[in-house]
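Just below is one structure, and these are the notes that go with it.
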Amino acid sequence: MSINKVAVIGAGTMGAGIAGQVANAGVEVWLLDLPGDSNPNALAQRGLERLRDPDQPGLISKDAEAFIHLGNTRDDFAQLADCDWVAEAVVERLEIKKDLYRRLDSVCQPQAIITSNTSTIPIRLLVEDMPLAFRQRFAITHFFNPVRFMRLLELVRGEDTAPAVIDLLADFCEQQLGKGVVPCLDTPGFLGNRVGVFTIQCALQAAFELGLTPLQADAIFGRPMGIPKTGVFGLYDLIGIDLMSDVVQSLVNILPADDPFHAEAAVLPLMTQMIANGQTGNKKGQGFYRDSPAGREVLDLESAEYGPAARLNLPLAERAEQQGVSQLLDDDSLYGDFAWRVLARSLSYAAALIPEVGDDPVAIDDAMKLGYNWIQGPFELIDEIGVDRFIERLEAEQMAVPPFLAEARGSSFYRVADGELQARHHGGKWQTIERPAGVIRFSEKRQTLQPRNHCAVASWYDLDGIALVEFHSKANALDADSMAILDDALTQVETGAMRGLIVHNDAQHFSCGVNLQKVREFFRREDMDGLDRFLADFQNTVHRMQTATFPVVAAPVGMSIGGGFEVVLHAKQVICHANSVTGLVESLVGVVPGGGGCKETLYRWIDLLQCGEDISKACWKAFMNLGYGRTATSPVIALQQAMLRSNDRFVINRDRILGEAIKAIDDPAGQLAFERPELAMPGRPVFQEMVKWLEQSRDKGLFMPHDVKVGTEMARIVTGGDIEPGTILCEQDFYDAERRSFLSLVSGSATRDRINSMLDAGSPVRN
């Protein structure tokens, strides 16, 4: 059996998200909800509108929307008769779900799989009244919100669920929906929410108990702990304070009375009052944080009044982010106390769940990394801290040491043996971590390798005869050392020591651009010659990628923007994730792309538009993309915006990207050479038209004065500037023009103000 037609019942946030991801996979899906009064499909239509949200699009392209059919449970229930999978995502009320299952059993084909998205109702209760044949094809598929972007799928089988049903769901959701499938036992909260919500509550309660402000707590409970930068108060605002409170209460209701969760779930009077006041987070425009005409503000937890949210400069947080979570535990300040309270309780809680939720730590670590975007799972964090050190501190403070944690005393939870990564199981047995065929996580593979060359910001490895370059600085920002590692790897492949080059990492983002701190160091020293040499070296390195006689593959995930995207642009083939975000955003900080990005944007628009001799239309397209700093939120859009080429492709499961990149190295038919001929430039007339358009837009209040100056440099590069029409320019001329414009802008105070603002305040000043 295969899954070719799907139905989702319930068009709320989760149901619409599930339907959207099925459509992203190119599979027909019906999205049904209760019938409306004037418009029977109004609720389903509202779900589709959620998927169209430009701030968080649930669909990878407009084309994907064609796979979604809207309907309602009164008029369109017959559509379920030939569905292969029906996913229920209705309100968390048992009787409503049971009534729906009885209807489904009477309509669906005998082999159709039925699942629920619940995380609060045990599977035995859901199907206790259903016949055996129904129970055998029933499971829980618990997705995480937003479905397109969150990688975790918790797959729960019941006592009677047929193994073939679980296997089919696992394969479909992993390979076609791009999920990291984690099998779970039917225990309260499964894995992700059980540990994740507990940890969030630990941080929340600790902040109130220790008297930390939201800004202080979020500065520590965020990237320094390897957790998303929202922190705890920012996350409450993002999810919704009322919704998060409901999630906490649901776990209170289903967890045993002796579960440690109850000690972290106390209702806070301030939050009760906030919910009553409508201060429920981002959706209402105010929560613990809010935006005001004066700028971002934060709530004082004692007075309940808002005040300025000045950016904190915490050296401890910076050290922990760069050097590891142990930096927090070595600190004897209030911040160190806060970090220890959160880590001690949450990591111990995770260890105490074994063997209740399973025999090994891998599933829990996977759940937290895939469902909550942690960089490391709880057991990986304990290994980083040191098992013995962690236990000794727990004992010193008379805290309980869970049995599974005690088993690891003198050892660890993960190790490399015989070239393979292994995990400790309950009872002390070690087993090699097995992933589905084709799934390779470089974060795991790296642990079995030694870098051939490395520095603080980048490394390259011999991956079975392929040179793999990994950036690993903060936000994977690029500097001279990053490019030196890439350059060295290219040299080694050129000698024949390796058969190809892959640029890839398993971080949240591939690269967020050139390191602006390094740019600031250049202009503070007034070292424009040094900055020019850096730009020239950057250009020369990516040009070597472009002109290599061997396969070169860029395999980016997350954001590839600015200088990071310029690296991607010069690969002979790109294999990226379906959720990759790409673009050249340098104009926002007052510079132009200086690593070949302007040049590549122009050439690619010429190719896409098939301009012939008159390239004026491509010049305008390049000018608009560069000037607005446009980004593409999916590879499909990137292809339409000339950011990817016809041979580039995407993979819906990011865990399969590296495997596909390796295949591409060994099958170079997918590589596409770069044709970068000399161009007859439109020159002065088009350049002046662009400058006039910029000035008119400024006069209308659309642009700031410095936007005009930056845009003028963009126009100068893509048209040739103040030259005669028909003047011939070669590829190197564009490289040179980029450097000249970059240096000219950085030499001025307006660009420096933008860069300083970006680095010091988190956003560029508008000037």
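Each reported figure results from applying straightforward, stated rules to the coordinates on display, with no laboratory input. Source: prediction; values computed, not measured. Backbone-built Cβ (ideal geometry, glycine too); neighbour counts: all protein chains shown.
If each residue's Cβ is checked for other Cβ atoms within 10 Å, how do 652, 375, 114, 717 rank with the fewest at the top? Mind showing how you got there, number by number?
Values: 652 21, 375 18, 114 26, 717 29.
Fewest-to-most Cβ neighbours within 10 Å comes out as 375, 652, 114, 717.
Kindly work out what percent of the DSSP beta bridges joining two residues of the chain are antiparallel, to the nearest 5. Could the numbers behind the result be given before it?
Values: 33 of 76 bridges.
About 45 percent, rounded to the nearest 5.
Helix 616-628: angle to the longest alpha-carbon principal axis of the chain, degrees 0 to 90, nearest 10?
So the helix axis and the longest Cα principal axis differ by about 50 degrees.
What fraction of the Cα pairs in region 5-184, stated in percent, has a spacing above 20 angstrom? All intermediate terms of the calculation are to be shown ahead of the outcome.
Numbers: 7769 of 16110 pairs.
Distances greater than 20 Å cover 48 percent of the Cα pairs.
Tally Lys/Arg at +1 and Asp/Glu at -1 over every other residue whose Cβ is under 15 Å from the Cβ of residue 309; what's the total? Could the numbers behind the result be given before it?
Details: positive: 229, 290, 296, 311; negative: 218, 237, 291, 297, 300, 305, 760.
Overall, the nearby charge balance is -3.
Output the antiparallel fraction of DSSP beta bridges having both residues in region 5-184, as a percent to the nearest 5. Don't jump to the answer; show the numbers that get you there.
Working: 5 of 31 bridges.
Here the antiparallel bridges make up roughly 15 percent for region 5-184.
After finding the eigenvalues of the alpha carbon gyration tensor for region 48-106, what semi-axes result from the square roots of 5 times each, listed largest first in whole Å? Don't skip to the end; give the middle numbers.
Values: eigenvalues 140, 48, 17 Å².
Over the Cα atoms of region 48-106, the ellipsoid semi-axes are 26, 16, 9 Å.
How large is log10 of I(q)/I(0) for region 390-436 at q = 0.21, 0.27, 0.28 Å⁻¹ when the intensity is taken from the Debye formula with one equal scatterer per alpha-carbon?
Those come out to -0.74, -0.97, -1.00, one per q.
What angle do you read, to the nearest 10 degrees and between 0 and 90, between the alpha-carbon axis of helix 749-761 and the longest principal axis of the chain?
Computed tilt is about 10 degrees.
With angles folded into 0 to 90 degrees, how steeply does helix 597-609 sit against the dominant principal axis of the chain? Use alpha carbons for both and round to 10.
It works out to around 90 degrees.
Is there a pair in 179/369; 369/445; 62/283 whose C-alpha atoms are over 18 Å apart, and which pairs would that be?
Values: 179/369 12 Å; 369/445 16 Å; 62/283 25 Å.
Violating the 18 Å limit, Cα to Cα: 62/283.
Hey, could you pull the Cα Rg and Dmax for region 351-500, both in Å?
Using the Cα atoms of region 351-500, the pair Rg, Dmax is 18.5, 60 Å.
How big is the gap, in Å, between the Cα center of region 337-391 and the Cα center of region 506-551?
37
Please arrange 483, 528 by how many other C-beta atoms lie within 10 Å of their C-beta, fewest to most.
Numbers: 483 24, 528 15.
Least crowded to most crowded, the residues run 528, 483.
With 10 angstrom as the radius, rank 713, 128 by how many other C-beta atoms surround their C-beta, starting from the fewest. Can you show the working numbers first?
Details: 713 24, 128 12.
With the sparsest Cβ surroundings first, the list reads 128, 713.
Please list, ordered by chain and number, the residues whose modelled amide H lies under 5 Å from the amide H of residue 425; skip anything fewer than 5 residues away on the same chain.
It is 430, 431, by chain and number.
Going from the alpha-carbon gyration tensor of region 192-424, what semi-axes, largest first and in whole Å, does one get by taking the root of 5 times each eigenvalue? Mind showing how you got there, number by number?
Numbers: eigenvalues 196, 80, 50 Å².
The equivalent ellipsoid of region 192-424 has semi-axes of 31, 20, 16 Å.
Along region 134-142, what does the Karplus equation 6.51 cos²θ - 1.76 cosθ + 1.60 (θ = phi - 60°) give for ³J(HN,Hα), rounded to whole Hz, x for Gly and Pro?
Those phi angles translate into 6, 4, 6, 10, 10, 8, 10, 10, 9 Hz.
Determine the relative contact order of the chain: mean sequence separation of Cα pairs under 8 Å and six or more apart, normalised by residue count, in whole percent.
Numbers: 1442 pairs, mean separation 61.6, N = 767.
Worked out over the chain, it gives 8 percent.
Does region 77-169 come out rounded, prolate or oblate by the C-alpha gyration tensor, with a ≥ b ≥ c the root eigenvalues, rounded set by a/c under 1.5 and, if not, prolate when a/b is larger than b/c and oblate if not?
Numbers: a/c = 1.32, a/b = 1.28, b/c = 1.03.
Rounded shape, in that the Cα axes give a/c under 1.5.
Note down the net charge around residue 765, summing +1 for each Lys or Arg and -1 for each Asp or Glu among other residues with Cβ under 13 Å from its Cβ. Numbers along the way, then the final one.
Values: positive: 752, 754, 766; negative: 707, 753, 760.
Within the 13 Å Cβ shell, the charges total 0.
What does the charge count around residue 641 come to, taking other residues whose C-beta lies under 15 Å from its C-beta (Lys +1, Arg +1, Asp -1, Glu -1)?
On the way: positive: 62, 604, 617, 621, 630, 645; negative: 63, 600, 607, 648.
Combined, the nearby Lys, Arg, Asp and Glu give +2.
Multiply the residue gap between residue 609 and residue 46 by 0.36 nm, knock off their C-alpha separation, and tell me the result in nm, one decimal place. Could the numbers behind the result be given before it?
Values: separation 563, 0.36 × 563 = 202.68 nm, distance 3.65 nm.
Stretched out fully, the residue 609 to residue 46 stretch lengthens by 199.0 nm.
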